[in-house]
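Got a structure here, written out as structure tokens. Questions coming.
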Amino acid sequence: MATSSDAGYTVTLLPHSHPDPNTWASLVSHHKNLRLRSLQISPESFSSTFEREVAFTDSDWENRLKNPLAYTFIAAKVPTSLKENGERGDELDDAVHGEWVGMTVLVGPLDELPNNLTPNSKADGAPQRKEVPVESEIFAVFVSPEARGLGLGKRLSEASIAQGKVLGREKGAKEVVVRLSVARGNGKAKSLYEKLGFRIAEDEVRVEDEEFDALRMEMRLGL
Ligand SMILES: CC(C)(COP(=O)(O)OP(=O)(O)OC[C@H]1O[C@@H](n2cnc3c(N)ncnc32)[C@H](O)[C@@H]1OP(=O)(O)O)[C@@H](O)C(=O)NCCC(=O)NCCS
């Protein structure tokens, strides 16, 4: 499992399932709560809305984590008791027992999404070409206000980018493209992405969401 621990916070890739029903239920519920919190606290940052997602059923939330094309990373504060008594197990334990303060989701490869129209698309029956970059997209980046400015947004984004590279390597690609949308007025997030190496994707053809005025950004990485 891809994880990193630093400054009392762990960044963990959530599994797509878990053999222990209590652990799985806890992951699904923590994820739901943090996502809904992000939509309440920062509605201007997202194209979705609290009103839309608060209506999701438990199985909708479960299916979000089960989606094999979605890689959900969370940042959690490592519980002090676990740090002090040296009983730390794996990072998922820290996540389950810790306070969740940040998240992001990488979706990819985009050509495997239903109804996708990217150049990698196999819809025409053409064989996958290794010369075509493997594309993925970052969604739902959020850090709770009390944990901002500690580098967690950067760590979560870097974890997603690293996952995008894993997907590219799995497909034998020579290049990956990681995409995202950022609200035009969200200077803080835009500056975070620029420092990581994202650039405005000026030539991307995309139907704009009229409710959400966003810039499209992309990062291209050779493998
Ligand atoms: C954008 C967001 C994820 C940043 O998270 P964060 O954990 O505070 O970010 P980090 O601590 O990793 O900071 C990384 C970079 O973000 C920018 N940044 C962070 N805090 C900032 C601040 N108060 N003012 C300006 N820029 C800031 C800086 O570029 C910083 O780089 P630096 O470390 O070289 O200064 C967080 O503010 C957030 O959740 N905002 C609301 C939701 C949102 O906008 N999501 C993005 C959707 S595209």
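All but one of (1) within 16 Å of the ligand (Cβ to nearest atom); (2) exposed (fewer than 13 other Cβ atoms within 10 Å of the Cβ); (3) part of a loop (DSSP other than H, G, I, E, B) hold for residue 212; state the number of the condition that does not hold.
(2)
Still on this structure: When you look at residue 73, is it under 19 Å from the mean Cα position of the chain (by Cα) and over 12 Å from residue 103 (Cα atoms), yes or no?
Criteria not met by residue 73.
Just to check your reading of the model, which residue among 52, 155, 64 is at pLDDT 95 or above, away from the ligand (no atom under 16 Å from the Cβ), surrounded by 15 or more Cβ atoms within 10 Å (Cβ to Cβ) and closer than 30 Å to residue 187 by Cα?
Of the residues listed, the single one that is at pLDDT 95 or above, away from the ligand (no atom under 16 Å from the Cβ), surrounded by 15 or more Cβ atoms within 10 Å (Cβ to Cβ) and closer than 30 Å to residue 187 by Cα is 64.
Residue under question is residue 146, and the condition is that it be within 13 Å of the ligand (Cβ to nearest atom), in contact with a Leu (Cβ under 9 Å, 6 or more places away or on another chain) and within 23 Å of residue 102 (Cα to Cα); does it hold?
Considered against the rule, which asks whether it is within 13 Å of the ligand (Cβ to nearest atom), in contact with a Leu (Cβ under 9 Å, 6 or more places away or on another chain) and within 23 Å of residue 102 (Cα to Cα), residue 146 comes out as no.
Only one of these conditions is not met by residue 77: (1) closer than 20 Å to residue 23 by Cβ; (2) at pLDDT 95 or above; (3) within 16 Å of the ligand (Cβ to nearest atom); (4) not hydrophobic (A, V, I, L, M, F, W, C). Which number is it?
Only one criterion in (1) closer than 20 Å to residue 23 by Cβ; (2) at pLDDT 95 or above; (3) within 16 Å of the ligand (Cβ to nearest atom); (4) not hydrophobic (A, V, I, L, M, F, W, C) is unmet by residue 77, namely (2).
Here is a further query. When residues of segment 144-181 are filtered for being part of a strand (DSSP E or B) and hydrophobic (A, V, I, L, M, F, W, C), how many remain?
Qualifying residue count for the region: 4.
Quick one: is residue 39 away from the ligand (no atom under 16 Å from the Cβ) and under 25 Å from residue 150 (Cα atoms)?
no
Still on this structure: What do you reckon, is residue 78 without any contact (Cβ under 8 Å) to a residue 40 or more places away in the chain, surrounded by 14 or more Cβ atoms within 10 Å (Cβ to Cβ) and within 22 Å of residue 91 (Cα to Cα)?
no
The values are calculated or read from the model by the stated rules, or taken from the named source; none is laboratory data. Treat the numbers as computed from the prediction; the structure is a model and nothing was measured. We place every Cβ from the backbone using ideal geometry, glycine too, and count neighbours over all the protein chains shown.
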